[in-house]
Every structure is written in structure tokens, then in C-alpha cells.
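The values are calculated or read from the model by the stated rules, or taken from the named source; none is laboratory data. Since the model is a prediction, treat every value here as computed from it, not as a measurement. Note: accessible area is taken over every heavy atom of the protein model, side chains too, but ligands, DNA and RNA are not part of it. Shrake-Rupley method; radii C 1.70, N 1.55, O 1.52, S 1.80 Å.
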Amino acid sequence: MSAPQSLDTQLLSDGSPNAFCWTLPPCDEELAGWKQRSFQLMLPTGFSAYSLICLERTPGRVRVSARHTKANGIEVRMHAKYRPGCSSATYQRKIVTSTRVGGSHYAAMIIVPKHEPNCLYFDVEVVFPSLHVVRSFECVMPSFSFTLEETLKSVFFENIDVHTAMPITVKALRARTALLTTKIGLIEGFFNVTNSLELISSCGSINAVIEVKNDLAASVTMFTEIGNIGSTINIDSAAHHLVKLTANVKLGNVHVNLNESNTTHVALIAETLCGDIAVSWPAVCGGNFSVRTSVEQPDVIFPPKSVVSSRPCSRKPDRRAGAFGDGRADIRLLGKRGKAVLTFV
């Protein structure tokens with residue numbers, strides 16, 4: 001027997017109330033499977049900030065996408081699935097609350113009774129209109145996986161913050177500043193930023209293809225306590241401002257590939273306490289380098305028939321340092337227990 005499904009739609013406009021609340025109906029004990037109810041909310045695009053919050057440990061997933069639409073609004077769909085075996089009192093409380101915070105901030109909160117959080121599963125879809133500029137989007141969902149769909153390449157985020165404990169998948173993201181954090185899970189995807197990007201995982205690897213198009217100083221930070229970092233980076237600096245790159249791992253390997261850069265004003269710090277470091281760097285983006293490790297002798301590989309700068313290049317058992325080319329790059333690799341290799345290509 002298929003589970004019944006209902007759809008509630010609300011439109012938030014200047015003449016409407018500031019808050020809407022939805023309540024799941026009492027569940028039917030005779031159904032053996034999950035039931036589902038869907039909620040839909042259309043938001044005007046005039047808000048400067050949007051927040052999606054669920055602080056309870058209720059499992060679910062969030063998908064953010066974009067599409068061409070005649071409707072001038074942002075669509076939020078929440079598909080709430082719930083078990084018949086849980087007490088009906090659970091579903092007589094407010095489950096989804098949407099509120100206007102101040103004059104320009106909108107927040108949607110999923111509120112789940114703490115006694116039976118595992119009886120609910122939320123599938124959340126956020127659809128932005130194509131060619132839209134979003135000033136601020138925040139998602140705080142500790143137990144939700146998070147996906148940015150490829151269609152989002154037509155949307156630009158001035159600021160986006162994602163905080164979860166589950167995997168984060170980014171198929172496309174264009175933003176000025178972006179912060180994505182997870183406690184347990186992989187962060188992977190394609191990132192296009194103009195100012196700053198932070199990818200932080202407490203226990204999980206980071207696999208990222210990053211494009212930096214900056215007209216001011218920019219920074220990219222990748223950090224994980226347990227896991228590997230693998231990244232390919234392209235830099236297109238309009239005015240050759242400084243771009244800072246940081247890759248830090250406590251237990252794991254670091255692999256950074258600076259694929260191409262139109263500026264030599266790039267600084268990289270790659271560090272791991274227990275693991276290997278491998279960095280590939282374009283020869284045309286030369287500068288100072290320092291490679292250190294406490295286990296094996298580090299290595300710096302130059303292109304065939306290349307000429308190393310006349311500045312001294314030191315070779316010690318645990319360190320290689322010197323300069324290559326006449327650029328302004330500053331490359332620092334620090335490994336504690338593992339190999340460290342810098343390759344100019």
C-alpha cells in the first residue's frame with residue numbers, strides 16, 4: 001500500500017504574516033512503511049540572508065539547485081518521512097517553522113522532538129532562480145548530507161556557509177566567500193571563488209578542484225584532522241594580488257597541484273604531522289621554496305635543462321631550500337613523518 005502524500009504551499013510576501021508553522025498529522029498505525037508529507041514555501045528574492053537550520057540529530061539530506069522559472073521566488077521543499085510505529089504525539093507538534101528574522105533575514109527551522117528523532121527523515125530541496133545573486137545563504141544541519149547541484153553554476157553567492165557532520169558534495173559553486181565544514185564525511189567538488197574558500201573536516205578527506213578569480217587578495221584554506229587532501233587549483237588574478245593557499249592535515253597525505261596561474265604572487269603552506277606531501281608547481285610561477293621533513297630526505301625536482309636561481313640552494317638531511325625563477329611565489333612544505341616532494345613542471 002502506497003503511503004499518502006500531501007502538499008502544503010505558502011507564499012511569503014510583504015503583506016503576509018512573518019511566520020508559518022507546519023504540523024505533521026497523527027500517523028496511521030496500520031501502515032507498515034514510512035509515510036511522507038511535503039511542504040513547499042516560495043520566498044521572494046528580496047531577502048539579503050537565508051538560513052536553513054536543524055539542530056537535532058535527525059537524519060536527512062539537503063540538495064540545492066537552480067532552474068529557469070517564471071516565478072520570482074526561491075522554492076523550498078521539505079519532504080518529511082516518518083514511521084508509523086512512533087507515538088502520534090510526536091507529529092502533533094510543530095515540525096517545520098519558517099520565520100522572518102528582522103526585515104531582510106529569513107530562517108527555516110526543522111524542530112524535532114528529542115525523544116524520537118530517528119522516526120523522521122527529511123529530504124530538503126532549495127531551488128534558486130537562474131542568474132540570481134544570493135547575498136547570504138547559511139545551512140546548519142548536523143545530521144544532513146549536503147549537495148550543491150551542477151545547475152548552481154548560474155547562481156552567484158556573495159557568502160555561503162554550510163555546517164554539517166555528513167558528506168558535502170559540490171558539483172558547482174560560484175561564490176565570493178565560502179565556508180564548508182563537516183565533522184565526519186568527505187568534502188569534494190568544484191569551487192569557483194573570488195575572495196576566500198575554507199574547507200574543513202574533522203574526520204574525512206578533501207578532494208577539490210578550485211578556481212580562484214580574484215581582483216583583491218584571496219585565500220584558500222583546506223584542513224582535516226584525519227584524512228587526505230587532494231586539490232587542483234587554477235588562479236586567474238585580475239591585478240596580480242596575493243593568493244594564499246593553505247593545506248593542513250594532522251593524520252594523512254597532502255597533494256596540491258597548482259595547475260596554472262597568471263600571477264607569481266602566490267604563497268603556499270602545506271603541512272602534515274603524519275603522512276606524505278606532494279606538490280606540483282608551474283615553473284613559470286617560480287620563487288622561494290622550503291621543503292622539510294623529519295623522516296626522509298625531502299626532494300625538489302626541477303624541469304629538464306632548467307637553470308636554478310643564483311641564490312643559494314641549501315641541501316641538508318631534513319631540508320631543501322632556495323629559489324627557482326624570478327617570481328614572487330613562496331612555497332613551504334613541512335612534513336613530520338613522511339616524504340615531501342616539490343616538483344616544478
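Given the pairs Lys250/Lys339; Lys183/Lys339; Lys183/Lys250, which span a C-alpha to C-alpha distance of over 19 angstrom in this model?
Too far apart for the 19 Å limit: Lys183/Lys339.
Give me the percent of the accessible area of segment 168-235 that comes from carbon and sulfur atoms, probe 1.4 Å, all protein chains in place.
55 percent
Once ligands and nucleic acids are excluded and a 1.4 Å probe is used, how much of Cys203 is accessible, expressed in Å² to the nearest 10?
Its accessible surface works out to 60 Å², give or take rounding.
Suppose the chain between Arg135 and Arg57 were pulled fully straight at 0.36 nm per residue; how much longer would it get relative to their current alpha carbon spacing?
Taking 0.36 nm per residue and subtracting the Cα distance, the gain is 25.3 nm.
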